[in-house]
Amino acid sequence: MKLHISVLLLLISICSSAQKKLTVSDIYEKGLFKEETMKSLNWMNDGQYYTALEENQILRYDVTTGQSDSVIIDGKALNLKIDDYDFTPDESKVLLLTDKQKVFRRSYTAEYYIYTFEGEELKQLSPNGRQSYATISPDNKNVAFVRDNNLFFVKLVNMSEHQVTKDGEKGRIINGSTDWVYEEELYIAKAFFWSPNSEKLAFYRFDESEVKEYNLQYWDNGALYPRDYRYKYPKAGEKNSIVTIKVYNLKDNTTQTVDLGEETDIYIPNIQWTKDPDILAIKRLNRLQNRQDIFHYSTKFKSATNILTDKSKTYIHATYTNEWIYLDNGTHFLMSSEREGYKHFYIHRMDGQLEYKATSGAFNAEKLLALDQRTKTPILYYTSTENGSTERHVYRVDFKGKGKLQLSSKPGVNTADISKDFKYYISFNSSASSPKEVSLYMTKGNKLVKVLKDNAKLKETIAEYGLTEKIMFEIEAADKKLLNAYMIQPANMDSTKKYPLLLYQYSGPGKQRIKNDWYGDKHFMWHQLLAQQGYIVVGIDCRGTGGKSEEFKKMTYMKMGKLEAEDQVAAAKYLGSLPFVDENRIGIWGWSYGGYISTLALETGPDIFKAGIAVSPFLWKYYDTIYSERYLRRPQDNPDGYNEYSIVRNAGKLRSEYLLIHGTGDDNVHFQNAVTLQNELIMQGKQFDSFYYPDNNHSLIGKKTKVHLYTMMMDFILENL
């Protein structure tokens, strides 16, 4: 194992001043360490202003000064709590979202209002029931939305409501929004799209009649009888919804069904209109998720043509390579792919032929930020890992791959929000040594205009509590590959003493938790609290995680869990050999996929770990089709992959102190997973601790819940490690 031990020992010798004592309440109830940022940014058409939602007001900012010069809309004056907003394309009106109520992770219902600047008029979008995903048409004349599994639109000229579909039915037919598994794994909730000329609505239709139902039981805080909640959840190897794409014509009230062939056991991860209002583009993914086809569907001729196919020996991660834009020139489109070993942006002709590689090299072009199409050769703005897998920097390059320029200069994780005229951008930066800084820049000359949020108050609080900096380093995997890691040490460490150590990991495929950023994730401050209690916390991204090559990410394919657990065990062995680590007091914890791997690591490395915590761990066979089959294929195709690294199958090997936590209302990783594991631990004669949170979901939400959870986990660590 390679570790920059001299650097770690040097940092150990640095003493900090007296520090305030952290409490769980300080972190999760009082919010003392919450970063300031800019919320709901919206650039205005003229490029001179942008808006942001602050304290229930939509404020307008002048880009030349970075100062707010007016209140566009005051939610208090309108007697509305504004959750979000969207201007009509001509900026004459604003669509206001209020009373947002979540359904699952991305789905929600809400009430919407249209505010017209001329006359300062406020109108309710629809009095006929709550709506979802209201979207303004490009011509400013209509707003489409979903209600009760059906698609509607409202004509703004007279606020008349029109129903597009009528067959929507809970548990059977969904129009314009998605079923549970598409929402969770393909990140789609809104599933309808206006054509460029506003004359058509393309939408998804889900027939989930044959999908098996899962029953969640809610106790509703002491109700006399529990309440059942049933919804369609396709588990690995089981039937999915049959998904079709339809196109509704507003002019003649007709609907077309897109023919993509006889095979219906497919996924449609994305659709969008091309610049031609008669051509709809559709991505089709096979059930094994290793072949993706792009179709162009003509609404005139009612036929679809396959213009491009992407294949993989493992899988195509559709939500990672989701950038897909048809250029204004009408002759090209941009798409992202990992076809050459890293994620990059490619420019194709409309017939699917590759024209240019906009980005290339041994790094990932992580996220497309904007596309400037005002010139003959469009310019991409994007973030990438070119400066290292733990860094993110902002670049610009033309779509031929020429004239590349790095815009961000500060180390750490950077992104940007770019104005519509591309003259300005708002920069977001944080690093292991500094919380988020939000700044306004001129694109020309990359000139700083104003620091908008410097989190000065937070920095003072950090100093008062004597928080220690997250130390970035690399450590070897079980196969000697280098893994990204960080270490949080107690202040005033004594290099002659030995300290207990807690490993933290998520380990999920393609996910990255170890970056040169300040907060990183919701557990960071709890790790600081443990450091104040005398613990060293080390976070590790094992093999199979993101930020590196496609090969590094996909080497876990078909044997999920094996390499991830091996890496955590190997890392613990090495860290236990360091002079300041007590090898007899090493623990591991994680949440969700991290809970699965922390449990598997305890089972496969019983002599290494003294204790471990698993929050909401899962079993592959109980999880959904898209996720499980993407990495393991179906259970009938790969039974060993599902069974060999199951935490239930290996339960008899557990010898460490173990705390298992789950929410009974978890719609994602069902409580069934924890119950099944507990039953096997009991059958194997294993003593362990467990706790469930009644009616709570996968994130275990609520301030009081968070305080209880992190206090319980801290007490378990203090007692057992």
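The values are calculated or read from the model by the stated rules, or taken from the named source; none is laboratory data. Given the structure is predicted, the values throughout are model-derived calculations rather than measurements. Glycine also receives a Cβ, built like all others from the backbone with ideal geometry; neighbour counts cover every protein chain displayed. Surface areas here come from the heavy atoms of the whole protein model, side chains and all, with no ligands, DNA or RNA. Shrake-Rupley method; radii C 1.70, N 1.55, O 1.52, S 1.80 Å.
Odds and ends about this structure:
- Here residue 22 clears all of (1) closer than 20 Å to residue 84 by Cα; (2) modelled with pLDDT of 95 or more; (3) in a loop (DSSP other than H, G, I, E, B) except the condition numbered (1).
- Taken over the range 584-622, residues that are among the β-branched types (Val, Ile, Thr) and either closer than 19 Å to residue 715 by Cβ or in a strand (DSSP E or B) (or both) amount to 4.
- Contact map, the range 21-48: first residue at positive phi, second residue crowded, with 17+ Cβ neighbours inside 10 Å, Cβ cut-off under 7 Å, separation 6 or more or different chains; pairs are 40/52; 40/53; 40/85; 47/419.
- Filtered by the rule that a residue be open to solvent by 20 Å² or more (accessible area, probe 1.4 Å) and not in a strand (DSSP E or B), the range 218-236 gives 219, 220, 221, 222, 223, 224, 225, 226.
- Residue check for residue 210: without any contact (Cβ under 8 Å) to a residue 12 or more places away in the chain and open to solvent by 50 Å² or more (accessible area, probe 1.4 Å): no
- Matching residues in the range 65-74 - criterion: being surrounded by 14 or more Cβ atoms within 10 Å (Cβ to Cβ) and more than 15 Å from residue 41 (Cα to Cα): 74
- Checklist (1) at pLDDT below 95; (2) among the polar types (S, T, N, Q); (3) open to solvent by 50 Å² or more (accessible area, probe 1.4 Å); (4) out of contact with any Gly (no Cβ under 9 Å at 6 or more places or on another chain) applied to residue 17, failing item: (4)
- The residues of the range 243-292 that are open to solvent by less than 40 Å² (accessible area, probe 1.4 Å) and among the acidic types (Asp, Glu) amount to a single one, 278.
- Of the listed requirements (1) outside any strand (DSSP E or B); (2) without any contact (Cβ under 8 Å) to a residue 24 or more places away in the chain; (3) of a type outside the set (Phe, Trp, Tyr), residue 448 misses just one: (1).
- Condition met for residue 629 (under 19 Å from residue 554 (Cα atoms) and touching a residue at least 24 places away in the same chain (Cβ under 8 Å)): yes
- Residues (part of a loop (DSSP other than H, G, I, E, B), out of contact with any Asp or Glu (no Cβ under 6 Å at 6 or more places or on another chain) and open to solvent by less than 10 Å² (accessible area, probe 1.4 Å)) located in the range 507-534: 508, 509, 523
- Residue check: residue 132 meets all listed conditions (1) modelled with pLDDT under 95; (2) assigned to a strand (DSSP E or B); (3) among the small types (Gly, Ala, Ser) but one, namely (1).
- Residues that are farther than 22 Å from residue 187 by Cα and buried (at least 17 other Cβ atoms within 10 Å of the Cβ) within the range 293-327 comprise 296, 297, 299, 304, 307, 308, 327, listed in sequence order.
- The range 474-506, subset among the hydrophobic types (A, V, I, L, M, F, W, C) and farther than 20 Å from residue 608 by Cβ, residue surrounded by the fewest Cβ atoms within 10 Å (Cβ to Cβ): 482
- When restricted to residues that are polar (S, T, N, Q) and under 23 Å from residue 316 (Cβ atoms), the range 618-655 contains 4.
- Some residue of the range 354-363 being among the β-branched types (Val, Ile, Thr) and within 26 Å of the chain's Cα centre (by Cα): yes
- Some residue of the range 75-91 being under 28 Å from residue 451 (Cβ atoms), buried (at least 18 other Cβ atoms within 10 Å of the Cβ) and either of a type in the set (Gly, Ala, Ser) or more than 27 Å from the chain's Cα centre (by Cα) (or both): yes
- Enumeration of residues in the range 433-442 that are surrounded by fewer than 19 Cβ atoms within 10 Å (Cβ to Cβ) and touching a strand residue (DSSP E or B) at 6+ places or on another chain (Cβ under 9 Å): 442
- Test set (1) within 27 Å of residue 366 (Cα to Cα); (2) in a helix (DSSP H, G or I); (3) open to solvent by 10 Å² or more (accessible area, probe 1.4 Å); (4) in contact with a strand residue (DSSP E or B) (Cβ under 8 Å, 6 or more places away or on another chain) - residue 570 fails condition number: (1)
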